[in-house]
1. For region 91-174, run through the trypsin sites (Lys or Arg not before Pro) and keep only the ones in DSSP coil with at most 14 other Cβ atoms within 10 Å of their Cβ.
2. Output the Cα-based Rg and Dmax of region 36-138 in Å, rounding Rg to one decimal and Dmax to a whole number.
3. Rounded to the nearest whole Å², what accessible area per residue is found for the chain with the 1.4 Å probe?
4. Tell me the volume per residue, in Å³, of the convex hull enclosing the alpha carbons of region 131-216.
5. Projecting each Cα onto the charge dipole of the chain (Lys/Arg +1, Asp/Glu -1 at the beta carbon, about the Cα centre), which of P126, Q352, I314 comes out farthest on the positive side?
6. Note down, for region 185-248, the three equivalent ellipsoid semi-axes (square root of 5 times each alpha carbon gyration tensor eigenvalue), biggest first, whole angstrom.
7. For the chain, what % of the accessible area comes from carbon and sulfur atoms, probe 1.4 Å?
8. Which chymotrypsin sites (Phe, Trp or Tyr not before Pro) in region 110-157 sit in a loop by DSSP (not H, G, I, E or B) and have at most 15 other Cβ atoms within 10 Å of their own Cβ?
Amino acid sequence: MKKITLSAVLCILVFTCITAQQEKGIIGFDNWLNPWAEFKPNKTNYGEPTQILTGDITSDITLKKRDTYLLLGDVFVTDSTTLTIEPGTVILGDYKTRGSLTISSGSKIIAEGEQTDPIVFTSNRPMKKPGDWGGLFILSDAPTNKFGNESSLNFGLKPSSFSNITYGGENEVSNSGVLSHVRIEYAGRRTKEFGYFNGLTLAGVGNETTIENVMVSYCSGDAFSIIGGNVTLNKLVSYKSNQNDYKFNHGAQVIIENSIAVRSPYVSSPDGYRCMYVSSYNNIEDIDPTKPNTLVLASNLTMINVSDDLKYDISIGLVKEAIYIEKDATFSLKRSVISGFNPAVFFDEDIQINNENLQKINFERTYFNNCKGNIFTKYNSNNEDLESWYGSRAFDNVYSKGPDSETFIDLRHSRTPDFRLRINKIVATTDSDDIDDLDDN
């Protein structure tokens, strides 16, 4: 069968069909990426800041669109305070002090941008680069699987009080506010002791919190890191992050829907990072066996690897797996697309292939396209048992390297040609720094 390009793959994969039963990858009857998403952030100059945010914010405050704000050092919203951010507001993370923003447990952020007027967190440097500033942390009192009711962040933050970096508890329905139509760019500062910050960290966040239409781009750490908690994530975008796009750990209970990860072998670290990393703990001694382990229910995801020459990039070790699943985690992926990885999925070597574990890890009605292998146990090249299991008609998965006409649903069923065109342009351009202006033509 003919080999097809990655751009052609994604062009087909992200459309919306007549019935929900046919949808694969990200979906929508309109282009939910446009115009709030930005794939060329380094070209925007926001000018000098007019307001400085520093230290602790202890009373309700609203950030105005008319001002540009600078995060100077580690900034904390504390004491049950609400931080409200108007649509169109720009918040710059300071490069010299590696600015960051933490919403401490009990406080809230109300960042409701608009599709035509998103809220932007970005670097204050004229020539922006990954890791220029810290990132955004939201902490709350929803459960984790760690011993005790509270834990603390280990990122080298410098709070005025230890309570400002604690998270976890028993409140599954805690409400930390809203993030909607928000972009987080060039975050992920590096620390000697604690490694990289993430673009957005949700630690112990409860299910009354709204997280939707959030984009993290060019992050040196993980784009999205979910530590415990109970959240629903919708319409997220991770673009060319250096480490994991979506990381789940410590008993996170997550529904993630209609989201995309675009990786690049020329930007992303080659050291084993993935679109999705699913684990229940770092050390089993740290968790309470009576508490639930990580559960991730994912649907309508598109995970794509952008490569000029996929075969060559795989041969020199630039391309890794799309998904890595650790022991004791439960994971389900439905109606999704995985294209251009080596292989598509790795199970941790400690996961025994038996009925109990296979019932906890589910792949259903998903396209595995142009991957060098589909589902494997790490360090085991014989995946016949997994191929037989997930390749059965019951799961309705497709393993493909074939022509569009044989592999994907007929384009005549699509109602979103502009949506497909825009995604097609994203994937077709593989420059490591920029891509063409997607609003041209």
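The values are calculated or read from the model by the stated rules, or taken from the named source; none is laboratory data. Here the structure is a predicted model, which means the values were calculated and not measured. Virtual Cβ from ideal backbone geometry, glycine too; neighbours counted across all protein chains shown. Note: areas computed on protein heavy atoms with side chains; ligands, DNA, RNA excluded. Shrake-Rupley method; radii C 1.70, N 1.55, O 1.52, S 1.80 Å.
1. Listed in order of number, the matching sites are K96.
2. 13.0, 38
3. Averaged over the residues of the chain, the accessible area is 40 Å².
4. Residue-normalised Cα hull volume stands at 101 Å³.
5. Highest projection toward the positive end goes to I314.
6. 20, 14, 8
7. Result for the chain: 45 percent of the exposed heavy-atom area is carbon or sulfur.
8. Here the chymotrypsin sites (Phe, Trp or Tyr not before Pro) that fit, given the DSSP loop and packing criteria, are F147.
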